[in-house]
Every structure is written in C-alpha cells, then in structure tokens.
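J.: Input: one structure, supplied below.
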Amino acid sequence: MGKVSVRMKAVVYGLSPFQQKVMPDLWKDLPTKIHHKISKNWHNTIFTLGPIVRIYAYVQNYEEKEKLEHRF
C-alpha cells in the first residue's frame, strides 16, 4: 500500500472592517423598545427605580443638612 498525499485547505472566517454589522438593530427604534419594556413590566420598574430614587433623595437631603449645620 502506498502513501497518498492529501492537500488540506484551511478556512478562515473574519469580519471585514468595512462591513461590520454585528448588531444592526440594537439602536433602531430605541424609544419604542424602552416604552414597551416599561409598559409591560411597570411593577418591576417601580420596585427597581423606587428605592434608587429614594436613596438619592436621602443623600441629597443629608448633604444639604450637613452644609447648613454650622448655621445653627
């Protein structure tokens, strides 16, 4: 039995720097997507953003009191 040499071809995949469309629809119609997410999950939005807004308001109030503390 003789040996037969076989030619191997390599396949290389890559993205062209001129045609990169990895996520083309990500920014398309963004306000509608955000409105849809909030309207479908409004209770999750309230329970997530509610504590964050309250903590921010508390910190702002605390800092303001700290600034005015020396006046009394």
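J.: Among all lysine pairs in the chain that are eight or more places apart or on different chains, how many have alpha carbons less than 27 angstrom apart? Before the final figure, lay out each step's value.
T.: Numbers: Lys21/Lys33; Lys21/Lys37; Lys28/Lys37; Lys28/Lys40.
For the chain, qualifying lysine pairs total 4.
J.: In addition: Tell me which of Thr45, Asn61, Leu26 sits at the most positive position along the dipole axis of the chain, charges placed on C-beta atoms (Lys, Arg +1; Asp, Glu -1).
T.: After comparing all options, I get Leu26.
J.: Exposure proxy check: Ile52, Ile38 ranked by fewest other beta carbons within 10 Å?
T.: On the way: Ile52 9, Ile38 13.
Least to most surrounded, the residues fall as Ile52, Ile38.
J.: Turning to a different aspect of this structure: How much length is gained if the chain between Leu30 and Ile46 is pulled fully straight, taking 0.36 nm per residue apart and subtracting their Cα-Cα distance, in nm to one decimal? Mind showing how you got there, number by number?
T.: On the way: separation 16, 0.36 × 16 = 5.76 nm, distance 2.04 nm.
So the extension gain works out to 3.7 nm.
J.: How far is helix 42-68 tilted off the main Cα axis of the chain, in degrees rounded to 10, range 0 to 90?
T.: Once rounded, the angle reads 50 degrees.
J.: Turning to a different aspect of this structure: Name the longest site-free stretch of the chain, where the excluded sites are trypsin sites (Lys or Arg not before Pro) in a DSSP loop with no more than 15 other beta-carbon atoms within 10 Å. Spell out each step's value before the answer.
T.: Details: sites that count: Lys3, Arg7, Lys9, Lys21, Lys28.
Excluding the exposed sites themselves, the longest stretch runs over 29-72.
J.: Placing +1 at every Lys and Arg Cβ and -1 at every Asp and Glu Cβ, with all other atoms neutral, what dipole size does the chain have around its Cα centre, in debye to the nearest 20?
T.: Values: 12 positive and 6 negative charges, 141 e Å.
Dipole about the Cα centre, nearest 20: 680 debye.
Read-outs throughout are calculated quantities, based only on the coordinates presented, and are distinct from any laboratory measurement. What you see is a predicted model, and the numbers here were worked out from it, not measured in a lab. Using ideal geometry, Cβ is built from the backbone for each residue, glycine included, and neighbour counts are taken over all protein chains shown.
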